[in-house]
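The values are calculated or read from the model by the stated rules, or taken from the named source; none is laboratory data. Source: prediction; values computed, not measured. Heads up, the Cβs are rebuilt from the backbone with ideal geometry, glycines too, and the neighbour counts pull from every protein chain shown. Each accessible area value is taken on the protein alone, full model and side chains, heavy atoms only, with ligands, DNA and RNA left out. Shrake-Rupley method; radii C 1.70, N 1.55, O 1.52, S 1.80 Å.
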Amino acid sequence: MVDGRLGFLCLDKNDMPMIAFHWEKYMEHIVEKYNKIYRIQMPKVTPHVCRHTFCSNMAKSGMNPKTLQYIMGHSDISVTLNTYTHVQFDDAKEELLRVVNE
């Protein structure tokens with residue numbers, strides 16, 4: 001139990017909840033090992049990068065923006081939509097084709 005909360009998914013070696021720093025170090029280690037083996041190098045991946053990817057993927061899948069805002073923990077929807085959600089030309093093209101074909 002930490003601060004009155006239980007049921008954490010991942011605990012460290014001291015049975016404390018893992019924080020972003022732990023995950024960042026794990027990811028850094030994985031990327032280093034991968035890059036030593038393979039010619040095409042993997043870019044730096046952090047828990048924060050994963051948050052952006054998650055948010056973008058949920059938005060692209062059609063999740064209700066207010067629900068996504070809640071899940072992300074943002075007090076302002078503009079942070080969710082303008083900072084964390086990334087779309088590219090292919091995303092816009094796919095969405096236009098979807099609308100036209102309905």
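Return the only residue of 80, 85, 67 being hydroxyl-bearing (Ser, Thr, Tyr), over 23 Å from residue 22 (Cβ atoms) and in contact with a Pro (Cβ under 7 Å, 6 or more places away or on another chain). Give the derivation first.
Working: 85 fails: in contact with a Pro (Cβ under 7 Å, 6 or more places away or on another chain); 67 fails: in contact with a Pro (Cβ under 7 Å, 6 or more places away or on another chain).
Criteria check complete, one pass: 80.
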Task: Every residue from the range 83-96 that is under 19 Å from residue 50 (Cα atoms) and either at pLDDT 95 or above or open to solvent by less than 80 Å² (accessible area, probe 1.4 Å) (or both) - done: 83, 84, 85, 91
Open item on the list: Looking at the range 1-21 only, could you name the residues that are closer than 19 Å to residue 48 by Cα, open to solvent by 100 Å² or more (accessible area, probe 1.4 Å) and modelled with pLDDT of 80 or more?
Closed with: 21
Open item on the list: Could you go through the range 1-8 and let me know if any residue there is closer than 30 Å to residue 82 by Cβ and either free of Cβ contacts under 8 Å to residues at least 24 places away in the same chain or touching a His at 6+ places or on another chain (Cβ under 8 Å) (or both).
Closed with: no
Task: Condition met for residue 38 (surrounded by fewer than 10 Cβ atoms within 10 Å (Cβ to Cβ), over 18 Å from the mean Cα position of the chain (by Cα) and farther than 30 Å from residue 95 by Cα) - done: yes
- [ ] Go through the range 22-52 residue by residue and tally those that are aromatic (Phe, Trp, Tyr), modelled with pLDDT of 95 or more and part of a helix (DSSP H, G or I).
- [x] 1
